[in-house]
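Participant: My structure is below; once you've seen it, I'll send some questions.
Each reported figure results from applying straightforward, stated rules to the coordinates on display, with no laboratory input. Being a predicted model, the structure only gives us computed values, none of them experimental. Cβ placement follows ideal geometry from the backbone for every residue including glycine, while neighbour counts extend to all protein chains displayed.
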Amino acid sequence: MNEFNHELTRRLDAIREQGLLRELRRVDSPQSPRFEVGGRELLNFSSNDYLGLANEPALKEAAIQAVERYGAGAGASRLVCGSLAPHQELDEALATFKGTEATLTFSTGYAAAVGTICALLGKEDIIITDKLIHACFVDAARLCGATVRVFAHNDLGDLEEKLREAEREVRSPKSEGRSGKRRTLVVTESVFSMDGDHAPLREIVALKEKYGAWLMVDEAHATGLYGANRRGLAEELGVSERIEVQMGTLGKALGAAGGYICGSRSLVDYLINRARTFIFSTAPVPASAAAATAGVRFVQSSAGEERRQKLWQNVSRLSTRGGHNVSPIRPIPPIAPPTTRSAIIPIMIGGESNAVAAAAALREQGIFIPAIRYPTVARGQARLRLTLSAVHTEADLAQLLTALKSLDFSL
Ligand SMILES: *Cc1c(COP(=O)(O)O)cnc(C)c1O
């Protein structure tokens, strides 16, 4: 045992030396712009709760009601006996919201990605991913055993090259896929989690169709924020119906927890039969599903539209007041057009230890923005990932700008 702990301590020391040590910070209040961390009130600019729904009365009430009516736990996986009314209602509410034939919810977005990709692809298939894709797809790609090809971030020329290569390989008679045909799946996020930039979805859709590939789009940071019905960036760009697999999470703008896959009835029926993270995992607690359903309904309502407008107002305010260079690497225009604006604003730092020091300096000024480092982003690309919420006030933004300015963050 001593030897075991000694080894792990040594590994932790190595992580610390690289400025990469991660630690938990206890939060003693609900998720909201001002929250309590380690006995101090800090202004939170790091949450993915973009619409301020995590602490919204309608969601809390729905969770409480679900506990009263259905108890604390689900008792088993959904296929055994845990598919309670709140889970079924959530699936239905999401399909209606997203305008797809069907939806299947998972306990997390991570589980949705891993379960779906491993159900769709085997070792004879090919998966083509954007370089900056979320870790859940990196893991899913490894686990499914398919050949992995990575295209340079948002680089359509490189994607086309990878598709061309894949088409050649898929045609080769070497082996056959599970249905007698080898398949290629392209995976991208619509709004990238650590950079806030957008994928050129229209062009990606055109390319995957040209080469007969399938497409999976993760709208984790877009659901609730883009499109006439706030379904996501695919809706805003008019390509939803041409995407085979639409994925998202219920834990970000939707204010609760869980992951979803939207698409055809046959996709969902197939996942119920083949997605191992769905089949072999206990159903989420009923409170979680009920809160998520309330989140979906909130986003669909006029209050949801108001929140979204508030969020974009805050984004514009910050970029106009701050001038053009919020981030030295990715300039953001003062008022971004609807398809490029983003609630995620990275402040690039570079060195891991410098980023940690910058985050600590901001905390001293009452601002909470943790440093994002390897392996979440590439080495040497550490950053402060600043996120805005619809419920930040003008005073909150003013305090942020003062703090950033005093630390010389090119604002
Ligand atoms: C957060 C996130 C996920 C995972 O979703 P969870 O519900 O938190 O497990 C997947 N993809 C992206 C892009 C994310 O940012």
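Participant: Counting helices only, and only those DSSP H runs with n ≥ 4, report the 222 nm mean residue ellipticity of the chain as the sum of -39,500 (n - 2.57) divided by its residues, in deg cm²/dmol to the nearest 500.
Facilitator: -13000 deg cm²/dmol
Participant: A follow-up question, please. Can you tell which of I15, I243, I133 shows the greatest fluctuation in a Gaussian network model of the chain with Cα springs below 10 Å?
Facilitator: With Cα springs under 10 Å in the chain, the top fluctuation among I15, I243, I133 is at I15.
Participant: Here's something else I'd like to know. Using 7 Å Cα-to-Cβ label points, what is the R22/E241 separation (nm, one decimal)?
Facilitator: 4.1
Participant: In addition: Taking just the alpha-carbon atoms of segment 258-304, what radius of gyration and Dmax come out, in angstrom?
Facilitator: 13.3, 38
Participant: Still on this structure, I have one more. What fraction of the DSSP beta bridges in segment 57-300 is antiparallel, stated in percent and rounded to the nearest 5?
Facilitator: Close to 40 percent.
Participant: For the residues D218, D125, what sequence is obtained by ranking on other C-beta atoms within 10 Å, fewest first? Let's see the in-between values first.
Facilitator: Values: D218 30, D125 23.
Fewest to most other Cβ atoms nearby, the residues stand as D125, D218.
Participant: What's the FRET efficiency of L12 with R34 using the Cβ-Cβ distance as r and R₀ = 51 Å, to the nearest 0.05?
Facilitator: With a Förster radius of 51 Å, E is 0.95.
Participant: Given segment 88-207, what percent of its DSSP beta bridges are antiparallel, to the nearest 5?
Facilitator: Among the beta bridges of segment 88-207, antiparallel pairing accounts for roughly 10 percent.
Participant: From Cα pairs below 8 angstrom and at least 6 apart in sequence, can you work out the relative contact order of segment 70-165, rounded to a whole percent?
Facilitator: Relative contact order here is 19 percent.
Participant: Can you give the extra length, in nm with one decimal, that the chain gains between S172 and T376 once fully stretched, where that is 0.36 nm per residue apart less the Cα-Cα distance?
Facilitator: That works out to 69.8 nm of additional length.
Participant: Does segment 41-143 come out rounded, prolate or oblate by the C-alpha gyration tensor, with a ≥ b ≥ c the root eigenvalues, rounded set by a/c under 1.5 and, if not, prolate when a/b is larger than b/c and oblate if not? Don't jump to the answer; show the numbers that get you there.
Facilitator: Numbers: a/c = 2.13, a/b = 1.31, b/c = 1.62.
Oblate, because a/c is 1.5 or more while a/b does not exceed b/c.
Participant: Work out how far the C-alpha atoms of segment 57-300 reach from end to end along every principal axis, then list the three figures in whole Å, largest first.
Facilitator: 57, 36, 28
Participant: Would you mind calculating the relative contact order of segment 57-300 from Cα pairs under 8 angstrom and at least 6 residues apart, reporting the percent as a whole number? Kindly include the intermediate steps, with their values, before the conclusion.
Facilitator: Values: 504 pairs, mean separation 78.2, N = 244.
The normalised contact order for segment 57-300 reaches 32 percent.
Participant: For segment 121-208, what mean projected area does the convex hull of the alpha carbons give, in nm²? All intermediate terms of the calculation are to be shown ahead of the outcome.
Facilitator: Values: hull surface 21.9 nm².
In nm², the orientation-averaged hull projection of segment 121-208 is 5.5.
Participant: Students often get this wrong: which residues of segment 200-242 have the backbone nitrogen under 13 Å from the point 7 angstrom along Cα-to-C-beta of R164?
Facilitator: Inside the label zone: 211.
Participant: Once the Cα atoms of the chain are picked out, what are the Rg and Dmax in Å?
Facilitator: Spelled out, the Cα radius of gyration and Dmax of the chain are 21.7, 64 Å.
Participant: Still on this structure: What is the chain's relative contact order, in percent, from Cα pairs under 8 angstrom and six or more apart in sequence?
Facilitator: 22
Participant: In the chain, what percentage of the DSSP-assigned beta bridges are antiparallel, given to the nearest 5?
Facilitator: 55
Participant: Full extension from L401 to Q88: what is 0.36 nm times the residue separation minus their Cα-Cα distance, to one decimal in nm?
Facilitator: Between L401 and Q88, full extension yields 108.2 nm more.
Participant: How big is the C-alpha Rg of segment 369-411 next to the rule-of-thumb value 2.2 N^0.38 Å, as a ratio?
Facilitator: Working it through for segment 369-411, the quotient is 1.37.
Participant: While we're looking at this one, here's another question. Could you check the spin-label model distance between K210 and A72? Points 7 Å from the Cα along Cα→Cβ, value in nm.
Facilitator: Here the modelled spin labels are 5.7 nm apart.
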